[in-house]
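Every number in this text was worked out from the coordinates using simple rules, so none of it is lab data. The structure presented is a predicted model; accordingly, all values stated were derived computationally and were not measured. For neighbour counting, all protein chains shown are included, and Cβ atoms are generated from backbone atoms with ideal geometry for every residue, glycine included.
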Amino acid sequence: RLRMGEYYSYSVLSTWLQRIAESLPDIAKLIKVGTTIEGREILGLKFGKDTPDKKIVVIDAGIHAREWAAIHTASYFINLIVNSREEDPQIQNYLDNIVLYIIPVLNPDGYEYTRTDKTNPRARMWRKSRSPKACAFDGVRNSCCMGVDLNRNFDFRFSEIGASRYPCSEIYHGPSAFSEPESKAYSQFLASLQGRLEAYITLHSYSQLWIYSYSHRKFTYAPDIEETRRVAAKAVQELGRMYGTKYRHGTGPEIIYAFSGGSTDWAKETLKIKYSYTIELRPGYEEWNGFVLDKNQLIPTAKETWAGVTVVLDEVTNQW
Ligand code: 0X9
Ligand code: ZN
């Protein structure tokens, strides 16, 4: 059992996931998405008994290393399901009627690197993976740096916009789409669920936004945009009811910026997922360094996000 409202190392989180799966075999299974460049297993939990008629929802976090509040929020969801399922009929309903995967840390190498900030103060703000140095001539010199922005490495309009071909950039997209073991394994994992995968939600921080496709160009939507927007609006409203936190919803270029190579756009286009959302958690965009969220905000952030996420889960659960 982990106390919520704290940050934990990837090894503590991994052991915790294993223990849950061992002690509750009827409701949770440990899943291995793949192995990172430094050899860590990307682990998650699969909740609910899998039968071929059930719809699937996938929630992940931590594709960006420094976004600790997102990792905490995904962990909180796991904790909530495990510890409240007996008293909470809504959670019971999910366990009975859908299959829910939660992968709390997609980029554990990067996350562990951000945890070395005691010895290297700059490490806390690391965003990318920890792939080996790549070099490119930037006009002045040949510059070499580690890491790929995994949320620029998906095969959706790869390298077109809002991504960089320079390895020293924070938004370096990598040498080619799915060049990285983490994004490649994750795309294969998601693709293996195709046909039953009804919702995909990726947790990021920060700016308080509920974002849907597409991200590369303004006013470019999937055909089911009306439904996508309706559910986003409802989710943001439910989220705000808890503590009054104000979220905006829209596509990336409408509400923050355009970019390509992200996981939700790839999932929306390639896997034809009905609900594919990027959520940017607290604090608001006016905050200067929102990646470091006060510990006393962790639980409220996770709770209100759950309220929003249940809107999507209810759509999926009650339609079938
Ligand atoms: O830029 C990103 O990868 C994400 N934002 S973050 O600050 N967490 O790095 C996703 C933004 C999604 N927005 C757009 N579609 N533009
Ligand atoms: Zn992010």
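Cross-link partners of LYS128 among lysines, defined as those whose alpha carbon lies under 20 angstrom from its own and excluding same-chain residues fewer than eight positions apart: LYS118, LYS184.
Positive end of the dipole of the stretch 151-263 (Cβ unit charges, origin at the Cα centre): among GLY262, ASN153, ALA222, the Cα lying farthest that way belongs to ALA222. The shape of the stretch 257-320 comes out oblate: with a ≥ b ≥ c from the C-alpha gyration tensor, a/c is at least 1.5 while a/b does not beat b/c.
Length gained on full extension, CYS168 to ARG3, computed as 0.36 nm times the residue gap minus the Cα-Cα distance: 55.7 nm.
Only helices at least 27 Å long along their own axis, judged from Cα atoms, and with Kyte-Doolittle mean hydropathy of 0.0 or greater: name those in the chain from DSSP H. Before the final figure, lay out each step's value.
Working: long enough: 225-243 (28 Å, -0.52); 298-318 (29 Å, 0.42).
Answer set is 298-318.
Pick out which of GLN237, GLN92, GLN208 has the largest mean-square fluctuation in a Gaussian network model of the chain, springs linking Cα atoms closer than 10 Å. Comparing GLN237, GLN92, GLN208 in the GNM, the peak value goes to GLN92. Size descriptors for the chain, from the alpha-carbon set: Rg then Dmax equal 18.5, 63 Å. Taken about its Cα centre, the chain carries a charge dipole of roughly 540 debye when the Cβ of each Lys and Arg holds +1 and the Cβ of each Asp and Glu holds -1. Normalised by the number of residues in the stretch 1-104, the average gap of Cα pairs under 8 Å and 6 or more apart makes the relative contact order 32 percent.
At a Förster distance of 30 Å, what's the computed FRET efficiency of GLN92 paired with THR220, Cβ-Cβ distance as r, to 0.05? It comes to 0.15.
Ranking LEU45, TYR76, TRP126 by Cα position along the charge dipole of the stretch 36-182, where only Lys, Arg, Asp and Glu carry charges on their C-beta atoms, puts TRP126 farthest toward the positive end.
Starting from the Kirkwood Rh over alpha-carbon pairs, what translational D in µm² s⁻¹ does the stretch 162-212 have by Stokes-Einstein at 4 °C and 1.567 mPa s? Present the calculation step by step, with values, prior to reporting the outcome.
Working: Rh = 13.5 Å.
This corresponds to a translational diffusion coefficient of 96 µm²/s.
Looking at the chain only, what percent of DSSP beta bridges run antiparallel? Nearest 5 please.
So the antiparallel bridges amount to about 40 percent of the total.
At the listed q of 0.12, 0.16, 0.17, 0.21 Å⁻¹, the Debye profile of the stretch 38-183, built from one uniform point per Cα, gives log10 I(q)/I(0) equal to -0.60, -0.90, -0.97, -1.22.
Restricting everything to alpha-carbon atoms, can you work out Rg to Rh for the stretch 15-100 with a Kirkwood hydrodynamic radius?
On the way: Rg = 13.5 Å, Rh = 13.9 Å.
In the stretch 15-100, Rg relative to Rh is 0.97.
When both bridge partners sit in the stretch 1-132, DSSP labels roughly 60% of those beta bridges antiparallel.
Note on LYS49: lysines with a C-alpha under 19 Å away, same-chain residues under 8 apart excluded, are LYS29, LYS32. Test of understanding: extend the Cα→C-beta vector of SER23 to 7 Å, then name every residue of the stretch 84-108 with backbone N under 17 Å from that spot. From the stretch 84-108, the list is 84-87. Neighbour counts of other Cβ atoms within 10 Å put CYS168, CYS144 in the fewest-to-most order CYS144, CYS168. Stretched out straight at 0.36 nm per residue, the stretch from TYR243 to GLN319 would grow longer than its current Cα-Cα span by 24.5 nm.
Given the options ASN107, ASN153, ASN289, state which has the largest fluctuation in a GNM of the chain using a 10 Å cut-off (strictly under) for Cα springs. Maximum fluctuation in the GNM of the chain, among the listed residues, is at ASN289.
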